[in-house]
Amino acid sequence: MDTNYIGEHLFWGKIGNLLVILAGTAALLSTISYYFALRKNDSAWKKLARQAFAIETFSVLGIFGILFYLIFNQRFEYFYVWEHSNSVMPLRYILSCFWEGQEGSFLLWMFWHCVLGWILIATSKEWENGVMFVISLVQVFLASMIFGIVIFGHKIGSNPFILLREHPDFANLPFIKMPDYLSKIKDGRGLNPLLQNYWMTIHPPTLFLGFASTVVPFAFAIAALIQKKYTEWIKPALPWTVFGVMILGTGILMGAAWAYESLSFGGFWAWDPVENASLVPWMTMVGLLHVMLIYRYRTRSLMSTYILDIATFFLILYSTFLTRSGILGGSSVHAFTDLGMSGHLLIYMLFFLVLSIVLLVINRKALKEHTEEEHVSSREFWMFIGMLVLVIGSLQITFTTSIPVFNKLFGSKLAPPADPIDHYNQWQVPIAILVSLLLAIGQYFKYKKSDSKELWKKLSLSLIIAAVITGLSAFYLGSYRVHYYFLFFASVFAFVANFDYFIRTLKGKFENSGPSIAHAGIALILLGALISNSKKEVISRNLKNIDLGKDMPNKENIMIEQQTDTLPMGSYFVSYTKREQKGVNVYFDIDYYKQNPSTGKRTGFPSQPLVQLNERMGNVAEPATKHFLTQDIYTHHLRRT
Amino acid sequence: MKKTHIVAIIIIAIAIGAIISTLADSSTYATFSVAAENPTHTYHVVGKLNKEKPQDYNPAVNADLFSFYLIDNSGEEHQVHLQKAKPQDFDKSEQIVVVGKMKDGSFEAADILMKCPSKYNNPKDDMKAVTSQR
């Protein structure tokens, strides 16, 4: 019994489905062809592999284009379109629909792999076969995530072109039998209001490019193990590691900027499991970069290079598993909706883990080193220590983030720390102090061996400047935990020492200044994070004359009546003057002012936090932040009453 | 002893430290009765809101205090004093997790996590609602 549905546009969906299958098949063909090209060193196989990769790229672009077209034209007969967009959504957020859903974000990831793949085909020369074999293999797994085919009763992946009436969630609902069901669907469910922010149009693609770029050093390492060319890969893979560190780092910082601007917890970093899941691979990738440099200049630490390289890629897969399998449950603001893909994701992760470990074990003898130990005054020794510090830091973060995984594995009933920020900081502040000290001194050491007298002479100026700045800052910082002062000193020291290195040692030569700029930048980030977190002050305390006792501290929220209340907050008086609705946004006009007691002149600023109304997902409050040179004032609406 | 051995020992020591500290800091999912036995420890209590009993929220006095009654998974009911504002969509919540300690027969919660039924996860209800409008 077939129903003739009215108003459906099925043509492009069918083409889309075809392209999904084509992308997966082409990826598989490309993998197999590159494998034979590698084994037989045969140019015919290589040609075929490239053609398959071209078809795959074309399919991915086609899927993107069709999905875009369907969202743009509001074809709500498609589940993905109905689920992730609606007609009131501003047009500029249309791309965000791609990363709200799992299917779209897998597509984005595949897209970046295609882009990186073509760059590698053009540049990697004799490494092309091996490297592209690994990348194509990864693509096969990613493509299978959007397959949406049922094999032996198991659904493989989730297809972006599935129709609303075919979606398993709606099986047996009455609308399936209505020929005119489309006329009843007035609108889609819409985009999560948290994603309707300009940072959210650039943060996910950047982060995914960072994720995607970790596959390149991994592919080089695996290709090297397969071909038993154990050391030559490090040179061509090194720029890719630098690129990955840069892009993933930028993506993480954009996420932090978004959190600061539009989330209501009043900070940029909350040690949320999803934030951690992208920070940890970044930390191991920075470690990888440094052992690669050690190998490049001193031909040591080969085994560590392989381990960190594989660990970084594995941690990307692990973070994918954490954020997409639903295992984090409600413990994170960023996690995706569970699509019942955890088994599939687990296979993806374990496949590459087992493959890497097997290859490492088979080749372990060739990776052994028979060299004498590094001298304590050598640069490579301290770079290695720095890598270890980062690994320890990432182990600690991974361990606590993985509590839900342990509960699943061992049936335990552990809950995450009640105060996660304190828990992480007690470990990560000392780690940050060590990192900062190493950032400062690292480049002053020479490879092999350094003269310690000269070292101290060169570093003494930076040490003195940092000590003086820390001493002076005590007036501003006031009473402060001791280890915060240590971090303050260490990060200032790191900044000044790298600046000094650039001026006096490099004589301002730009082409060699990469490490100094990167180190100084990280030092500034750590210093900024320290000051902004440790000096956070709540000015909206309850100052009314009601003593609620010690057990009921008035923490941070306060009620303010429209037009009637003027409350003192910090050095300001605050009143709430107007409420205005424009579209889905409700704006609240809050007035901050100071009054000069002698002249009576008022100075101040308006602040306009807003609430985005969203019946389905709940209203979302967007804070307003007034920026000053030395402080920000943050105004946040709590709830609609 | 080689330097690498010393480094390995230090790393293992720190890793063990990290594990112990995580276990020490981590809270446990428990019921009210377990929390009552150990009032100094912080617990995560999972339960449902009792919609019959009154909720108390008076932002004019204290915007950071909200009281309600929670029935935990073993069926035991206690009043919860949450030291935060009343969360949005609180009454729609299907399941509630409160984080805090037991004190004098009521639960002092520092934090709350809620699971709402049709927030992100239930397109089915939306679809039912849409297509039943004749």
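Place the peptides A:515-522, A:347-354 in order of packing, highest mean first, counting for every residue the other Cβ atoms within 10 Å and averaging per peptide.
Those peptides, ordered most packed to least, come out A:515-522, A:347-354.
What length, rounded to one decimal in nm, is gained on full extension from A:Y230 through to A:I6, with 0.36 nm per residue of separation minus their alpha-carbon distance?
Between A:Y230 and A:I6, full extension yields an extra 74.4 nm.
Could you give the nm distance between label points at A:H154 and A:Y485, where each point is 7 Å from its Cα heading toward the beta carbon?
Spacing of the two 7 Å Cα→Cβ label points: 6.0 nm.
Sequence-distant or interchain residues sharing an amide H contact under 5 Å with A:I149, placed H: which?
When sequence neighbours closer than 5 places are left aside, the close amide H contacts are A:I156.
Please name which of A:I431, A:L70, A:A23 has its Cα lying farthest along the dipole of chain A towards the positive end, using unit charges on Cβ (Lys, Arg +1; Asp, Glu -1) and the Cα centre as origin.
Toward the positive end, the furthest listed residue is A:I431.
Using only the Cα atoms of the protein assembly as shown, build the gyration tensor, take square roots of its eigenvalues as a ≥ b ≥ c, and label the shape rounded, prolate or oblate: rounded if a/c is under 1.5, else prolate if a/b is larger than b/c, else oblate.
Oblate, because a/c is 1.5 or more while a/b does not exceed b/c.
I'd like the distance separating the alpha-carbon centroids of the stretch A:375-430 and the stretch A:174-229, in whole Å.
What the calculation gives is 28 Å, centre to centre.
Taking beta carbons within 10 Å but only from partner chains, what does the mean come to for residues B:75-86?
Per residue, the average neighbour count from other chains is 2.
Can you tell me how the stretch A:417-534 classifies by the Cα gyration tensor, rounded, prolate or oblate, using a/c under 1.5 as the rounded cut?
In terms of gyration-tensor shape, prolate.
For the stretch B:28-119, what is the convex hull (Cα atoms) projected area averaged across all directions, in square nanometres?
Over every viewing direction, the Cα hull of the stretch B:28-119 projects on average to 5.8 nm².
Once you average over the residues of B:17-24, how many Cβ atoms of partner chains fall within 10 Å of each Cβ?
Rounded to a whole number, the mean comes out at 5.
Mind checking A:418-426 for the average number of partner chain beta-carbons within 10 Å of each residue's beta-carbon?
If you average over the peptide's residues, the count of other-chain Cβ atoms is 3.
Given the rule -39500 (n - 2.57) for each run of at least 4 DSSP H residues, summed and divided by the residues of chain A, what is its mean residue ellipticity at 222 nm, to the nearest 500 deg cm²/dmol?
For chain A, the value works out to -19500 deg cm²/dmol.
If you take the beta carbon distance between A:L455 and A:S532 as r and set R0 to 35 Å, what does 1/(1 + (r/R0)^6) give as a FRET efficiency, to the nearest 0.05?
E(calc), rounded to 0.05, equals 0.60.
Loop-only GluC sites (Glu not before Pro) in the stretch A:363-404, please: DSSP not H, G, I, E or B, and at most 14 other Cβ atoms within 10 Å.
A:E369, A:E372, A:E373
Determine, from the Cβ-Cβ distance of A:A171 and B:N38 and an R0 of 51 Å, the FRET efficiency 1/(1 + (r/R0)^6), rounded to the nearest 0.05.
According to the calculation, E is roughly 0.60.
I need the calculated FRET efficiency for the pair B:N58 and B:K92, taking r as the beta carbon distance and R₀ as 22 Å, to the nearest 0.05.
Calculated value: 0.55.
Quick one: putting +1 on the C-beta of Lys and Arg, -1 on the C-beta of Asp and Glu, what dipole do you get for the protein assembly as shown around its Cα centre, in Debye to the nearest 20?
2060 debye
Quick one: if you stick a label point 7 Å off each Cα along the C-beta vector at A:Q581 and B:T28, how many nm between them?
4.9 nm
Do you know the relative contact order of the stretch A:417-534, to the nearest whole percent, from alpha carbon pairs under 8 angstrom that are 6+ apart?
Here the relative contact order equals 32 percent.
Between A:R364 and A:V376, with labels modelled 7 Å along Cα→Cβ, what's the label distance in nm to one decimal, could you check?
Output for this residue pair reads 3.1 nm.
In Å, what is the Rg of the alpha-carbon atoms in the stretch A:125-234, and how long is Dmax?
21.5, 65
Provide the packing ranking of A:405-418, B:71-84, i.e. peptides ordered by the mean count of other C-beta atoms within 10 Å per residue, highest first.
The densest-packed peptide leads the list: B:71-84, A:405-418.
Quick check: net charge around A:D419, other residues with Cβ under 12 Å of its Cβ, Lys/Arg +1 and Asp/Glu -1?
Surrounding charge for A:D419 is -3.
Every number here is computed from the coordinates shown, using simple stated rules; none is lab data. In this text the structure is predicted, and so the values were computed from the model without any measurement. FYI the Cβ positions are ideal-geometry reconstructions off the backbone, even for glycines, and counts take in every protein chain you see.
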